[in-house]
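See below for the structure under consideration.
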Amino acid sequence: MTKSALQIARAAYQPKVPKTLLGSVSIKEGGATASLSDQEELKALFPNTYGMPILEFVKSDTKETYAPINVGVILSGGQAPGGHNVIAGLFDGIKNMNKDGRLYGFILGPGGLVNHDYKELTADIIDEYRNTGGFDIIGSGRTKLESKEQFDKGLEILKKLNISALVVIGGDDSNTNACVLGEYYKSIDAGVQVIGCPKTIDGDLKNEMIETSFGFDTACKVYSEVIGNIQRDCNSARKYWHFIKLMGRSASHIALECALQVQPNVCIVSEEVEAKNQSLEDVVNYIADVVAQRSALGNDFGTVLIPEGLIEFIPAIKKLMEELNDYLAHHEEEFKRIKRSAQREHIISQLSPVNASIYKSLPEVVARQLTLDRDPHGNVQVSLIETEKLLAEMVGTRLDQLKAAGDYKGKFATQVHFFGYEGRCAAPSNYDADYCYSLGYTAAGLIGAGKTGYMSSVRNTTAAAEKWIAGGVPITMMMNMERRHGEMKPVIKKALVELQGAPFQTFASERASWAMETAYIYPGPIQYFGPTEVCDQPTKTLQLEQNK
């Protein structure tokens with residue numbers, strides 16, 4: 001592999017880890033746990049893995065000895081910076097327990113397990129990928145592990161390779177599937193442990209035991225650098241309003257974190273839109289008012305940050321989408337056979353009167369995007385809805401109305417952007433490099449302790465790495481029941497932006513002044529070398545949540 005100068009330098013970086021993971025360790029168990037809700041239903045679905053205690057690694061005077069163990073690893077779902085370091089930490093943890101342990105990577109995600117497509121990850125391979133971005137060491141995929149047939153097919157290759165533990169690195173849905181798989185293998189006494197690791201740049205896999213999902217820190221720093229560049233250009237040319245859509249279909253964590261880092265003129269937070277029962281028109285009017293007020297100050301330019309999933313959080317449109325999802329879950333093939341020119345009227349005829357009226361009022365392109373193929377979870381692929389273009393056009397129309405009424409005299413020209421893939425495979429920040437390595441090393445420790453149905457957990461990460469707390473959290477503890485594909489399913493509950501939380505409250509206290517002033521911050525690129533306070537700082541979100 002040909003490496004850049006930065007890659008060569010980063011290869012020498014040794015991730016920092018919690019002190020409790022080094023040397024002899026033991027496990028401290030907490031009390032029994034319960035799911036977030038639907039306790040009886042989930043207890044019945046997971047009789048072998050429900051209610052297990054929270055685990056914490058602590059220093060021990062006793063040196064444990066371990067037999068060699070073979071472990072499999074899967075990268076599941078979208079890429080996130082730091083995945084390679086999770087695997088490196090897992091590899092080193094396995095080898096630390098017994099040098100004869102082996103690690104096998106399943107190719108292109110969960111499908112590799114089902115299709116028996118794998119490769120052994122040796123030290124030479126692992127060393128090529130330490131502290132690098134991407135998931136290209138084994139690739140990733142979105143195959144969902146849901147059926148007994150898949151589980152049994154996977155078990156065949158696990159038995160053939162003498163693999164007694166499987167680590168699934170993924171988001172909330174992937175870790176839910178890992179929990180289902182672990183429960184099944186436990187129920188049939190298959191002798192295979194299953195451990196999850198929390199990954200998603202969206203930042204919506206977190207709770208009291210999972211402070212953040214890996215990749216969020218790096219992705220937000222990458223996006224903030226580019227937004228900062230745009231804002232500097234914006235402040236230089238002084239002639240464009242930039243509408244910037246950011247990843248985050250189910251929560252606005254990325255948009256909020258980037259706003260805290262760059263101080264844009266406008267940032268929409270989907271959760272606030274929903275809480276205030278705002279309409280699309282309300283959002284448009286708010287942005288148009290800021291544009292008009294800045295214009296009155298002589299500033300016909302600015303930046304607007306938009307979360308990817310905004311449309312889904314507008315209450316009226318959310319109800320429409322829920323009915324659309326339900327209809328298409330049962331009639332997708334029938335719908336596809338209808339001529340494209342007739343699909344809009346067909347949908348209108350199938351919806352309730354209120355939702356039919358809303359659907360009919362939407363621009364043709366947006367209405368069309370709402371009926372495109374669903375994602376693997378049966379939901380609208382909101383990344384395909386060009387919300388940034390929709391808002392730019394609608395704000396322009398609203399400004400024309402204000403101009404006709406004599407309330408606006410400025411010029412309004414726009415540029416639109418969508419930042420998504422740009423951040424998913426970036427070289428991990430020091431924070432993510434350290435955090436991910438620790439997650440992988442912790443997963444190895446959970447395997448050595450014979451645990452299954454757990455997610456690797458590393459907490460207290462606003463402190464120095466040596467003070468981080470490593471352990472495991474039962475995946476069932478994070479679950480509730482939700483409707484998917486028209487049926488109630490167990491899933492890990494997504495963490496939304498808390499409107500009473502310190503990150504949002506800090507943003508809300510500043511946004512009025514950011515709207516009128518040109519108070520832009522230009523963060524610049526990720527810093528890997530230099531003072532700790534520059535290079536190792538976590539996200540603004542995490543610092544505010546932990547009051548640091």
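Sorting Ser140, Ser224 by accessible area puts them as Ser140, Ser224; the probe is 1.4 Å, largest comes first, and only protein heavy atoms count.
The solvent-accessible area of Tyr50, taken with every protein chain present and a 1.4 Å probe, is close to 40 Å². The charge dipole of the chain, taken about its Cα centre with unit charges on the Cβ of Lys, Arg, Asp and Glu (plus for the first two, minus for the last two), comes to roughly 660 debye. The smallest convex shape that holds all Cα atoms of region 414-520, its convex hull, gives 225 Å³ per residue.
Compactness ratio for region 276-379: Cα radius of gyration over 2.2 N^0.38 Å (N = residue count) comes to 1.32. When the chain is described by a simple charge dipole with +1 on each Lys and Arg Cβ and -1 on each Asp and Glu Cβ, the residue from Gln500, Ala237, Gly453 located farthest towards its positive end is Ala237. To the nearest 10 degrees, how steeply does helix 430-448 sit against the main Cα axis of the chain, on a 0 to 90 scale? Value to nearest ten degrees: 40.
Label-to-label distance, Tyr522 versus Ala5, with points set 7 angstrom from Cα along the beta-carbon direction: 2.2 nm. For region 145-282, the spread of Cα coordinates along the three principal axes comes to 65, 33, 27 Å, biggest extent given first.
Compared with the dominant Cα axis of the chain, that is its longest principal axis, helix 340-350 is turned about 90°. With a Förster radius of 22 Å applied to the C-beta separation of Tyr421 and Glu364, the computed FRET efficiency comes to 0.25.
Building the convex hull from the alpha-carbon atoms of the chain and averaging its projection over directions returns 26.7 nm². Heavy-atom accessible surface of Ile188, to the nearest 10 Å², is about 70 Å², with a 1.4 Å probe and all protein chains retained.
Projecting the Cα atoms of Leu166, Val226, His253 onto the charge dipole of the chain, computed from C-beta unit charges around the Cα centre, puts Val226 farthest toward the positive end.
The residues Lys451, Lys153, Lys148, sorted by heavy-atom accessible surface at 1.4 Å with ligands and nucleic acids left out, run Lys148, Lys153, Lys451 from largest to smallest.
Compactness of region 1-80 is given as radius of gyration and Dmax, 19.8, 55 Å, from Cα positions.
When averaged across all projection directions, what area in nm² does the alpha-carbon convex hull of region 428-490 cover?
Values: hull surface 23.9 nm².
Quarter of the Cα hull surface area: 6.0 nm².
Solvent-accessible surface of protein heavy atoms, probed at 1.4 angstrom with all chains present, puts Arg10, Arg424, Arg368 in the order Arg368, Arg424, Arg10, largest first.
Every pair of different Cα atoms in region 30-122 enters the Kirkwood calculation, which places the hydrodynamic radius at 16.4 Å. Among the protein heavy atoms of region 8-77, carbon and sulfur supply 55% of the accessible surface, probe 1.4 Å, non-protein parts ignored. For the chain, the longest principal axis of the C-alpha atoms and the axis of helix 280-296 are separated by about 70°.
Rounded, prolate or oblate, given the Cα gyration tensor of region 310-460, with a/c below 1.5 counting as rounded? Judged from the Cα gyration tensor, region 310-460 comes out oblate (a/c at least 1.5, b/c at or above a/b). For region 221-349, the share of alpha carbon pairs falling in successive 5 Å distance bins from zero is 2, 10, 16, 16, 15, 13, 10, 7, 7, 3, 1 percent. Measuring from centroid to centroid over Cα atoms, what is the spacing of region 229-288 and region 395-409 in Å? With region 229-288 and region 395-409 each reduced to a Cα centre, they are spaced 21 Å.
The values are calculated or read from the model by the stated rules, or taken from the named source; none is laboratory data. This structure is a prediction, so every number in the text was calculated from the model and none was measured. Counting neighbours? That spans all protein chains shown, and the Cβs are built from the backbone with ideal geometry, glycine included. We work out accessible area using only protein heavy atoms, side chains counted, and drop any ligands, DNA or RNA first. Shrake-Rupley method; radii C 1.70, N 1.55, O 1.52, S 1.80 Å.
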